[in-house]
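K.L.:
Below is the structure I would like to discuss, written out as structure tokens.
The values are calculated or read from the model by the stated rules, or taken from the named source; none is laboratory data. Since the model is a prediction, treat every value here as computed from it, not as a measurement. Please note: Cβ atoms are built from the backbone with ideal geometry, for glycine as well, and neighbour counts cover all protein chains shown.
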Amino acid sequence: MGGCERVCTGTVQLHPTRHCNLRCRHCYSLSGPEERDALPARLLIDALADARAQGYGRVSFSGGEPMLYRGLQEVLRQARALGMLATLTTNGIPLTERRVASLAGLVDLIAISLDGRPETHDALRGPHAFDGMQVRLPLLRASGIPFGFIFTLTRDSMDDLAWVATFAIESGAALLQVHPLEETGRAAVETRGQQPDELVANAAYLAFMRLQDRVGERIALQLDLAHRDLIRAEPWRVYADAEPVPGDLPLAALVDTLVVETDGLVVPLQYGFPRAHALGRLGDAPLAALGARWRNEGYGGFRAHCRRVFEESLLDPEALPAFNWFEALSGRTAGQFSSSLSQYR
Ligand SMILES: C[S@@+](CC[C@H](N)C(=O)[O-])C[C@H]1O[C@@H](n2cnc3c(N)ncnc32)[C@H](O)[C@@H]1O
Ligand code: SF4
């Protein structure tokens, strides 16, 4: 495995609470106003120090709604002190003047969820969610904090892609990330049937390429779908190569994203990753100890799982090129795939 690419860019994704001002129909973390759980800031501060020592250079906050997490500033200060890049994903509504000011100098990018035209966005997020987000944008622009949008692509919102790109550019966004809906959490019930299938995913892939040609110089674009040929040529990207891993590499060279879920469970790559491959729970042991044990007892199984999914995913010669690798890894859907670039979620 080519280790160095991963060492400096490893990401720790924190989901400190499921408390949220919204209760979106598609929410994978089942968050909402009634959820009150929150991880102690101290636990996350210590975990970041351990992660930094293992080569993780970025932290991204998600949730729940990270802007409503009381320990946010404290944990962000730790990220700064450790020299980590910090981003957060928000529904945008809680970005009051006071809260935006509290983030100045502490975050490198704010990613705002935007799920399509106003009516599409509100259909997933509830009445007035679009207006409530849009009204915050002038303030955010004035703050000088770079911001982007994250578009959760569904079957119904496929046609909104070009509209979303125009909206993002006109709003002054630096980034547009497109991530396919995954039918997990509340989405498994409330938006069942909306996950892009193979045809929709591939149509999105082509539409995205056209968008790249048209506006790629005005905004950074990221699509969380992978191309089979690329994965076939570079299996190390999805942890599916057969190379032995040298024992002295930092953990970030072994797995580039660690996710701390709302109950402190640490999993590789993505929220909800199969529990058999979890590192363990913060609070039971420090991240350094969880990582050391996983390296010896869990990493081999994780790599074998990735290799198995890789082989199964590339088996079908008729399959269309774009697919969602994370989805395949999750064990929820066979032959479908999501990307390795979900840094801001
Ligand atoms: C769980 S939310 C937490 C952050 C914040 N509350 C927000 O909505 O932006 C993080 C991102 O995941 C996306 N998301 C939620 N459920 C999803 C699902 N089932 N599949 C794919 N993305 C999803 C949201 O749209 C959002 O962009
Ligand atoms: S997607 Fe974000 S805003 Fe919507 S309920 Fe989940 S955590 Fe809250």
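K.L.:
Does region 197-217 hold any residues that are within 22 Å of the chain's Cα centre (by Cα) and either within 16 Å of ligand 2 (Cβ to nearest atom) or more than 13 Å from L320 (Cα to Cα) (or both), and which are they?
P.N.:
Selection gives A207, F208, M209, L211, Q212, G216.
K.L.:
Between a residue in region 58-78 that is within 28 Å of R186 (Cα to Cα) and in contact (Cβ under 8 Å) with a residue 24 or more places away in the chain and any residue that is near ligand 1 (Cβ under 10 Å from one of its atoms) and in a helix (DSSP H, G or I), which pairs come within a Cβ distance under 7 Å, given they are 6 or more apart or on different chains?
P.N.:
Here the result reads L72/P66, each pair linking region 58-78 to a residue that is near ligand 1 (Cβ under 10 Å from one of its atoms) and in a helix (DSSP H, G or I).
K.L.:
What number of residues in region 283-305 are touching a Leu at 6+ places or on another chain (Cβ under 7 Å) and either on the phi > 0 side of the Ramachandran plot or hydrophobic (A, V, I, L, M, F, W, C) (or both)?
P.N.:
Here the count works out to 3.
K.L.:
Still on this model: Tally time: how many residues in region 79-115 are crowded, with 23+ Cβ neighbours inside 10 Å, polar (S, T, N, Q) and more than 12 Å from ligand 1 (Cβ to nearest atom)?
P.N.:
So the count comes out to 0.
K.L.:
Looking at region 95-113, which of its residues are assigned to a loop (DSSP other than H, G, I, E, B) and of a type in the set (D, E, K, R)?
P.N.:
Residues of region 95-113 that are assigned to a loop (DSSP other than H, G, I, E, B), as a first pass: 95-96, 104-108.
Residue satisfying the conditions is D108 alone.
K.L.:
Looking at G172, is it surrounded by fewer than 21 Cβ atoms within 10 Å (Cβ to Cβ) and either within 16 Å of ligand 2 (Cβ to nearest atom) or farther than 21 Å from S29 by Cβ (or both)?
P.N.:
yes
K.L.:
Moving on to the next point. So, in region 7-21, of the ones that are more than 13 Å from the chain's Cα centre (by Cα) and polar (S, T, N, Q), which residue ends up modelled with the lowest pLDDT?
P.N.:
By that ranking, first place goes to T9.
K.L.:
If we keep just the residues of region 128-160 that are in a helix (DSSP H, G or I) and at pLDDT below 95, which is surrounded by the most Cβ atoms within 10 Å (Cβ to Cβ)?
P.N.:
Just the residues of region 128-160 that are in a helix (DSSP H, G or I), to begin with: 129-134, 137-143, 158-160.
Right, trim to at pLDDT below 95 and you get 158-159.
Details: M158: 15, D159: 13.
For region 128-160, the residue satisfying everything is M158.
K.L.:
Name the residues in region 97-111 that are within 22 Å of the chain's Cα centre (by Cα) and in contact (Cβ under 8 Å) with a residue 40 or more places away in the chain, would you?
P.N.:
Narrowing region 97-111 to residues within 22 Å of the chain's Cα centre (by Cα): 100, 103, 106-111.
Scanning region 97-111 gives V100, L103, L109, A111.
K.L.:
Further, regarding this structure: Can you find a residue that is in contact with a helix residue (DSSP H, G or I) (Cβ under 7 Å, 6 or more places away or on another chain), surrounded by 19 or more Cβ atoms within 10 Å (Cβ to Cβ) and among the acidic types (D, E) anywhere in region 58-65?
P.N.:
no
K.L.:
L176 fails exactly one of the following numbered conditions: (1) within 16 Å of ligand 1 (Cβ to nearest atom); (2) of a type outside the set (S, T, Y); (3) more than 20 Å from the chain's Cα centre (by Cα); (4) at pLDDT 95 or above. What is the number of that condition?
P.N.:
Single failed check for L176: (3).
K.L.:
To continue, here is another question. When you look at G83, is it within 14 Å of ligand 2 (Cβ to nearest atom) and in a loop (DSSP other than H, G, I, E, B), yes or no? Spell out how you get there, then give the answer.
P.N.:
On the way: within 14 Å of ligand 2 (Cβ to nearest atom): no; in a loop (DSSP other than H, G, I, E, B): yes.
Against the criterion (within 14 Å of ligand 2 (Cβ to nearest atom) and in a loop (DSSP other than H, G, I, E, B)), G83 does not qualify.
K.L.:
As an exercise: evaluate A168 against (1) among the aliphatic types (A, V, I, L, M); (2) at pLDDT 95 or above; (3) closer than 19 Å to E327 by Cβ and give the number of the one condition it does not meet.
P.N.:
(3)
K.L.:
Would you point out which residue out of Q194, Q222 is touching an Asp or Glu at 6+ places or on another chain (Cβ under 7 Å), within 25 Å of R155 (Cβ to Cβ) and in contact (Cβ under 8 Å) with a residue 24 or more places away in the chain?
P.N.:
Q194
K.L.:
How many residues, within region 66-87, are under 14 Å from the mean Cα position of the chain (by Cα) and under 16 Å from S29 (Cα atoms)?
P.N.:
If we filter region 66-87 for residues that are under 14 Å from the mean Cα position of the chain (by Cα), which is where we start, we get 66, 86-87.
Next cut, under 16 Å from S29 (Cα atoms) only: 66.
Adding up the residues that qualify gives 1.
K.L.:
Which one is surrounded by the most Cβ atoms within 10 Å (Cβ to Cβ) among residues in region 116-127 that are free of Cβ contacts under 8 Å to residues at least 24 places away in the same chain and away from ligand 1 (no atom under 14 Å from the Cβ)?
P.N.:
Here the residue is P118.
K.L.:
Moving to a separate point now. Looking at R70, R42, which is the one that is at pLDDT 95 or above, within 16 Å of ligand 1 (Cβ to nearest atom), outside any strand (DSSP E or B) and of a type outside the set (S, T, Y)?
P.N.:
Working: R42 fails: within 16 Å of ligand 1 (Cβ to nearest atom).
Checking each option against the conditions leaves just R70.
K.L.:
Additional query: Quick one: which of G116, G92 is farther than 24 Å from R36 by Cα and part of a loop (DSSP other than H, G, I, E, B)? If you could, list the steps in order and put the result at the bottom.
P.N.:
Working: G92 fails: farther than 24 Å from R36 by Cα.
Answer to the check: G116.
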